[in-house]
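Okay, so here's the structure we're looking at.
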Amino acid sequence: MTNDPYALATDAATALKNAAGVDSVDVALVMGSGWVPAADAIGETIAEIPVTDLPGFPPPAVAGHAGKIRVVRTGSGKVALIFLGRTHLYEGRGVEPVVHGVRTAIKAGARTVVLTNAAGGLRPETQQVGEAVLISDHINLTGANPITGATFIDLTEVYSSRLRDLVREVEPSMAEGVYVAFRGPTYETPAEIRMCRTLGGDMIGMSTVLEAIAAREAGVEVLGISLVTNPGAGLVGEPLNHEEVLEVGRATATRMGVLLSKVVDKL
Ligand code: HPA
(Lines give C-alpha, C1' and ligand atoms only; values in the text may rest on other atoms or scores of the structure.)
Protein backbone atom coordinates (compact mmCIF):
# COMPACT_ATOMS: atom_id res chain seq x y z
CA MET A 1 0.00 0.00 0.00
CA THR A 2 1.14 3.47 -0.81
CA ASN A 3 0.19 6.64 1.02
CA ASP A 4 0.04 8.64 -2.22
CA PRO A 5 -3.67 9.12 -3.03
CA TYR A 6 -2.63 9.98 -6.55
CA ALA A 7 -0.72 6.75 -7.31
CA LEU A 8 -3.86 4.85 -8.33
CA ALA A 9 -5.19 7.91 -10.14
CA THR A 10 -1.94 8.20 -12.08
CA ASP A 11 -2.30 4.56 -13.19
CA ALA A 12 -5.95 5.08 -14.11
CA ALA A 13 -5.13 8.25 -16.09
CA THR A 14 -2.47 6.42 -18.11
CA ALA A 15 -4.84 3.50 -18.82
CA LEU A 16 -7.61 5.94 -19.79
CA LYS A 17 -5.45 7.96 -22.19
CA ASN A 18 -4.14 4.76 -23.79
CA ALA A 19 -7.66 3.32 -24.19
CA ALA A 20 -8.94 6.55 -25.77
CA GLY A 21 -5.80 7.28 -27.80
CA VAL A 22 -5.43 10.84 -26.49
CA ASP A 23 -2.29 12.56 -25.14
CA SER A 24 -4.09 14.71 -22.59
CA VAL A 25 -7.51 16.00 -21.61
CA ASP A 26 -8.63 19.58 -21.01
CA VAL A 27 -11.75 19.34 -18.89
CA ALA A 28 -13.72 16.78 -16.91
CA LEU A 29 -17.47 16.73 -16.38
CA VAL A 30 -19.15 14.56 -13.77
CA MET A 31 -22.76 13.86 -14.68
CA GLY A 32 -24.96 13.40 -11.63
CA SER A 33 -28.35 11.72 -11.38
CA GLY A 34 -30.54 12.95 -14.18
CA TRP A 35 -27.67 14.62 -16.07
CA VAL A 36 -26.46 11.59 -18.06
CA PRO A 37 -28.84 12.22 -21.02
CA ALA A 38 -27.37 15.75 -21.34
CA ALA A 39 -23.93 14.33 -22.12
CA ASP A 40 -24.78 13.70 -25.79
CA ALA A 41 -24.71 17.43 -26.62
CA ILE A 42 -21.15 18.07 -25.44
CA GLY A 43 -19.16 16.74 -28.39
CA GLU A 44 -18.19 13.88 -30.70
CA THR A 45 -17.43 10.65 -28.87
CA ILE A 46 -13.84 9.45 -29.28
CA ALA A 47 -14.18 6.52 -26.88
CA GLU A 48 -16.41 5.19 -24.14
CA ILE A 49 -14.68 3.20 -21.44
CA PRO A 50 -16.36 1.22 -18.64
CA VAL A 51 -14.87 2.55 -15.41
CA THR A 52 -14.30 -1.00 -14.25
CA ASP A 53 -11.66 -1.37 -17.03
CA LEU A 54 -9.51 1.17 -15.14
CA PRO A 55 -7.64 0.79 -11.83
CA GLY A 56 -9.44 1.98 -8.71
CA PHE A 57 -13.04 2.34 -9.91
CA PRO A 58 -15.71 0.25 -8.15
CA PRO A 59 -18.73 -1.02 -10.13
CA PRO A 60 -21.74 1.37 -10.20
CA ALA A 61 -24.46 0.89 -7.61
CA VAL A 62 -27.32 3.20 -8.59
CA ALA A 63 -29.86 2.99 -11.42
CA GLY A 64 -29.23 5.90 -13.80
CA HIS A 65 -25.50 5.86 -13.07
CA ALA A 66 -24.03 4.06 -16.04
CA GLY A 67 -20.45 3.76 -14.76
CA LYS A 68 -18.72 4.77 -17.99
CA ILE A 69 -16.28 7.47 -18.99
CA ARG A 70 -16.93 9.03 -22.35
CA VAL A 71 -14.04 10.84 -24.02
CA VAL A 72 -15.29 13.50 -26.43
CA ARG A 73 -13.91 16.20 -28.69
CA THR A 74 -15.88 19.42 -28.28
CA GLY A 75 -16.83 21.91 -30.98
CA SER A 76 -13.86 24.09 -30.03
CA GLY A 77 -11.45 21.14 -30.26
CA LYS A 78 -11.03 20.44 -26.56
CA VAL A 79 -10.85 16.92 -25.17
CA ALA A 80 -13.43 16.41 -22.42
CA LEU A 81 -13.80 13.45 -20.08
CA ILE A 82 -17.44 12.88 -19.19
CA PHE A 83 -18.13 10.65 -16.21
CA LEU A 84 -21.54 9.09 -16.85
CA GLY A 85 -22.26 8.57 -13.18
CA ARG A 86 -20.21 8.77 -10.02
CA THR A 87 -19.45 6.85 -6.83
CA HIS A 88 -21.24 8.15 -3.74
CA LEU A 89 -20.16 8.05 -0.10
CA TYR A 90 -23.39 6.23 0.82
CA GLU A 91 -22.21 3.20 -1.18
CA GLY A 92 -20.05 2.47 1.83
CA ARG A 93 -16.72 2.10 0.02
CA GLY A 94 -15.11 5.03 1.77
CA VAL A 95 -13.96 8.40 0.49
CA GLU A 96 -11.20 7.37 -1.94
CA PRO A 97 -13.49 5.86 -4.62
CA VAL A 98 -15.71 8.96 -4.41
CA VAL A 99 -12.87 11.25 -5.51
CA HIS A 100 -10.96 8.80 -7.71
CA GLY A 101 -12.64 10.01 -10.92
CA VAL A 102 -11.76 13.63 -10.31
CA ARG A 103 -8.19 12.73 -9.35
CA THR A 104 -7.85 10.53 -12.45
CA ALA A 105 -9.11 13.36 -14.68
CA ILE A 106 -6.63 15.77 -13.09
CA LYS A 107 -3.77 13.32 -13.60
CA ALA A 108 -4.91 13.00 -17.24
CA GLY A 109 -4.46 16.77 -17.60
CA ALA A 110 -7.84 18.34 -16.76
CA ARG A 111 -7.47 21.87 -15.35
CA THR A 112 -11.21 22.43 -14.98
CA VAL A 113 -13.73 20.13 -13.32
CA VAL A 114 -17.46 20.57 -13.87
CA LEU A 115 -19.50 18.83 -11.17
CA THR A 116 -23.23 18.40 -11.80
CA ASN A 117 -25.83 16.93 -9.52
CA ALA A 118 -29.52 16.52 -8.88
CA ALA A 119 -30.63 18.33 -5.78
CA GLY A 120 -33.60 19.07 -3.64
CA GLY A 121 -34.52 22.73 -3.64
CA LEU A 122 -34.53 24.39 -0.22
CA ARG A 123 -36.13 27.61 -1.54
CA PRO A 124 -39.32 26.58 -3.36
CA GLU A 125 -40.47 30.22 -3.00
CA THR A 126 -37.97 31.15 -5.72
CA GLN A 127 -36.78 27.86 -7.28
CA GLN A 128 -38.53 25.85 -9.98
CA VAL A 129 -38.25 22.11 -10.48
CA GLY A 130 -36.12 21.69 -13.63
CA GLU A 131 -34.07 24.81 -12.89
CA ALA A 132 -30.26 24.69 -13.01
CA VAL A 133 -28.55 26.61 -10.19
CA LEU A 134 -24.86 27.53 -9.97
CA ILE A 135 -23.21 26.33 -6.78
CA SER A 136 -21.58 29.33 -5.09
CA ASP A 137 -20.40 27.49 -1.97
CA HIS A 138 -21.12 24.36 0.04
CA ILE A 139 -21.77 23.07 3.54
CA ASN A 140 -20.23 19.63 3.96
CA LEU A 141 -22.37 17.64 6.42
CA THR A 142 -21.18 14.25 5.16
CA GLY A 143 -18.76 13.92 8.07
CA ALA A 144 -16.08 12.94 5.55
CA ASN A 145 -13.15 14.63 3.83
CA PRO A 146 -10.94 13.27 1.03
CA ILE A 147 -7.82 14.74 2.61
CA THR A 148 -6.14 13.16 5.59
CA GLY A 149 -3.31 14.60 7.65
CA ALA A 150 -2.32 18.15 8.41
CA THR A 151 -2.96 19.52 4.94
CA PHE A 152 -4.86 22.76 5.47
CA ILE A 153 -6.41 23.57 2.13
CA ASP A 154 -8.02 27.00 1.69
CA LEU A 155 -11.71 26.66 0.77
CA THR A 156 -12.57 30.35 0.55
CA GLU A 157 -13.54 29.95 -3.10
CA VAL A 158 -14.19 26.28 -3.85
CA TYR A 159 -16.47 27.09 -6.80
CA SER A 160 -14.67 29.50 -9.11
CA SER A 161 -16.33 32.92 -9.42
CA ARG A 162 -14.59 33.29 -12.78
CA LEU A 163 -16.35 30.17 -14.07
CA ARG A 164 -19.69 31.30 -12.61
CA ASP A 165 -19.33 34.61 -14.45
CA LEU A 166 -18.55 32.71 -17.61
CA VAL A 167 -21.73 30.61 -17.27
CA ARG A 168 -23.75 33.79 -16.80
CA GLU A 169 -22.41 35.04 -20.16
CA VAL A 170 -24.30 32.04 -21.61
CA GLU A 171 -27.28 32.09 -19.22
CA PRO A 172 -27.57 35.54 -17.58
CA SER A 173 -30.62 34.65 -15.48
CA MET A 174 -29.02 31.65 -13.76
CA ALA A 175 -29.32 31.84 -9.96
CA GLU A 176 -26.63 30.67 -7.58
CA GLY A 177 -26.84 29.06 -4.18
CA VAL A 178 -25.21 27.12 -1.38
CA TYR A 179 -25.24 23.32 -1.74
CA VAL A 180 -25.60 21.28 1.44
CA ALA A 181 -24.42 17.67 1.34
CA PHE A 182 -25.47 14.80 3.58
CA ARG A 183 -24.06 11.29 3.31
CA GLY A 184 -27.44 9.75 2.40
CA PRO A 185 -28.73 7.37 1.11
CA THR A 186 -31.92 8.36 2.91
CA TYR A 187 -33.50 11.57 1.78
CA GLU A 188 -33.69 14.15 4.56
CA THR A 189 -36.35 14.53 7.21
CA PRO A 190 -38.46 17.70 7.12
CA ALA A 191 -36.65 18.82 10.32
CA GLU A 192 -33.27 18.42 8.59
CA ILE A 193 -34.56 20.41 5.63
CA ARG A 194 -35.67 23.23 7.97
CA MET A 195 -32.23 23.12 9.62
CA CYS A 196 -30.48 23.41 6.24
CA ARG A 197 -32.62 26.41 5.30
CA THR A 198 -31.72 28.06 8.60
CA LEU A 199 -28.03 27.33 7.99
CA GLY A 200 -28.14 29.21 4.71
CA GLY A 201 -28.44 26.31 2.30
CA ASP A 202 -30.26 26.59 -1.01
CA MET A 203 -29.89 23.06 -2.44
CA ILE A 204 -29.56 19.67 -0.77
CA GLY A 205 -27.90 16.52 -2.07
CA MET A 206 -25.54 13.60 -1.48
CA SER A 207 -22.56 14.29 -3.72
CA THR A 208 -20.21 16.93 -5.17
CA VAL A 209 -18.58 18.39 -2.05
CA LEU A 210 -15.88 15.73 -1.64
CA GLU A 211 -14.99 15.85 -5.34
CA ALA A 212 -14.83 19.65 -5.18
CA ILE A 213 -12.46 19.49 -2.21
CA ALA A 214 -10.22 16.97 -4.01
CA ALA A 215 -10.10 19.23 -7.07
CA ARG A 216 -9.20 22.28 -4.96
CA GLU A 217 -6.47 20.30 -3.21
CA ALA A 218 -4.97 19.82 -6.69
CA GLY A 219 -5.42 23.53 -7.54
CA VAL A 220 -7.96 22.87 -10.27
CA GLU A 221 -10.88 25.23 -11.00
CA VAL A 222 -14.33 23.89 -10.11
CA LEU A 223 -17.72 24.69 -11.60
CA GLY A 224 -20.72 23.20 -9.79
CA ILE A 225 -24.27 23.08 -11.14
CA SER A 226 -27.33 21.61 -9.42
CA LEU A 227 -30.45 20.58 -11.26
CA VAL A 228 -33.34 21.14 -8.86
CA THR A 229 -35.43 17.98 -9.23
CA ASN A 230 -37.80 18.36 -6.25
CA PRO A 231 -38.53 20.61 -3.31
CA GLY A 232 -36.77 19.36 -0.15
CA ALA A 233 -38.70 16.86 2.01
CA GLY A 234 -41.67 18.33 3.80
CA LEU A 235 -41.66 21.64 1.91
CA VAL A 236 -44.62 20.69 -0.27
CA GLY A 237 -45.86 17.52 1.44
CA GLU A 238 -45.04 15.04 -1.35
CA PRO A 239 -42.83 12.00 -0.63
CA LEU A 240 -39.54 11.87 -2.63
CA ASN A 241 -38.33 9.16 -4.96
CA HIS A 242 -35.31 8.54 -7.20
CA GLU A 243 -37.45 7.92 -10.30
CA GLU A 244 -38.77 11.51 -10.08
CA VAL A 245 -35.15 12.74 -9.96
CA LEU A 246 -34.27 10.82 -13.15
CA GLU A 247 -37.47 11.95 -14.87
CA VAL A 248 -36.66 15.65 -14.33
CA GLY A 249 -33.24 14.91 -15.84
CA ARG A 250 -34.82 13.32 -18.94
CA ALA A 251 -37.24 16.25 -19.30
CA THR A 252 -34.45 18.85 -19.13
CA ALA A 253 -31.68 16.91 -20.93
CA THR A 254 -31.69 18.97 -24.12
CA ARG A 255 -31.60 22.27 -22.23
CA MET A 256 -28.85 21.10 -19.85
CA GLY A 257 -26.83 19.62 -22.73
CA VAL A 258 -26.91 22.88 -24.68
CA LEU A 259 -25.92 24.81 -21.54
CA LEU A 260 -22.96 22.51 -20.82
CA SER A 261 -21.70 22.46 -24.40
CA LYS A 262 -21.76 26.28 -24.58
CA VAL A 263 -19.98 26.51 -21.24
CA VAL A 264 -17.31 23.96 -22.17
CA ASP A 265 -16.66 25.78 -25.45
CA LYS A 266 -16.02 28.98 -23.50
CA LEU A 267 -13.55 27.45 -21.03
N1 HPA B 1 -32.22 15.33 -1.14
C2 HPA B 1 -31.03 14.77 -1.32
N3 HPA B 1 -30.57 14.43 -2.51
C4 HPA B 1 -31.34 14.70 -3.58
C5 HPA B 1 -32.60 15.29 -3.45
C6 HPA B 1 -33.07 15.61 -2.16
O7 HPA B 1 -34.18 16.14 -1.96
N8 HPA B 1 -33.11 15.39 -4.72
C9 HPA B 1 -32.17 14.91 -5.56
N10 HPA B 1 -31.10 14.48 -4.88
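The values are calculated or read from the model by the stated rules, or taken from the named source; none is laboratory data. This one's a predicted model, so the numbers in the text were calculated from it and none came from an experiment. A quick note on method: Cβ atoms are made from the backbone with ideal geometry, for glycine too, and the neighbour counts reach across all protein chains shown. Just so you know, the surface numbers come from the protein's heavy atoms only, side chains and all, with ligands and any DNA or RNA stripped out. Shrake-Rupley method; radii C 1.70, N 1.55, O 1.52, S 1.80 Å.
Across all directions, the average projected area of the convex hull around the alpha carbons of the chain is 13.0 nm².
Does anyone have the angle between helix 96-107 and the longest principal axis of the chain? Alpha-carbon axes, 0 to 90°, nearest 10? Long axis of 96-107 versus the principal axis of the chain: about 50 degrees. When peptides 34-42, 183-191 are sorted by average Cβ neighbour count within 10 Å, with the highest value leading, the order is 34-42, 183-191.
Spatial offset of region 154-182 relative to region 200-219 amounts to 12 Å, using the alpha carbon center of each. Distant-in-sequence amide contacts of V180, defined by a placed amide H-H separation under 5 Å and a gap of 5 or more residues or a different chain, comprise I139, D202, M203, I204, G205. When only Cα pairs below 8 angstrom with a gap of at least 6 residues are kept, the chain shows a relative contact order of 27 percent.
For the chain, with only Lys/Arg (+1) and Asp/Glu (-1) charged at the beta-carbon, what is the dipole magnitude about the Cα centre, in debye rounded to 20? If you can, show how the numbers build up before the last one.
Numbers: 22 positive and 30 negative charges, 58 e Å.
My answer is approximately 280 debye.
Straight-line reach only, C-alpha to C-alpha below 18 angstrom: list the lysines that K262 could link to, leaving out same-chain residues fewer than 8 apart. Of all the lysines, those that pass the test against K262 - Cα under 18 Å, at least 8 places apart if same chain - are K78.
Over region 80-211, give the accessible area per residue in Å² for a 1.4 Å probe, as an integer. Before the final figure, lay out the partial values.
On the way: 5320 Å² over 132 residues.
On a per-residue basis, 40 Å².
For I139 and E244, what does the FRET efficiency come to when R0 = 22 Å and r is the distance between their Cβ atoms, rounded to the nearest 0.05?
Details: r = 24 Å, r/R0 = 1.09.
Result of the calculation: an efficiency of 0.35.
The separation of region 5-62 from region 117-139, counted between C-alpha centres, amounts to 26 Å.
Determine the calculated [θ] at 222 nm for the chain from helices alone, applying -39500 (n - 2.57) to every DSSP H run no shorter than 4 residues and normalising by the residue count; nearest 500 deg cm²/dmol.
Details: 6 runs with 81 residues, N = 267.
Value at 222 nm, helices only: -9500 deg cm²/dmol.
Among the protein heavy atoms of the chain, carbon and sulfur supply 51% of the accessible surface, probe 1.4 Å, non-protein parts ignored.
Considering only G32, M206, V71, the residue lying farthest towards the positive end of the dipole of the chain is V71, judged by Cα position with unit charges set on Cβ.
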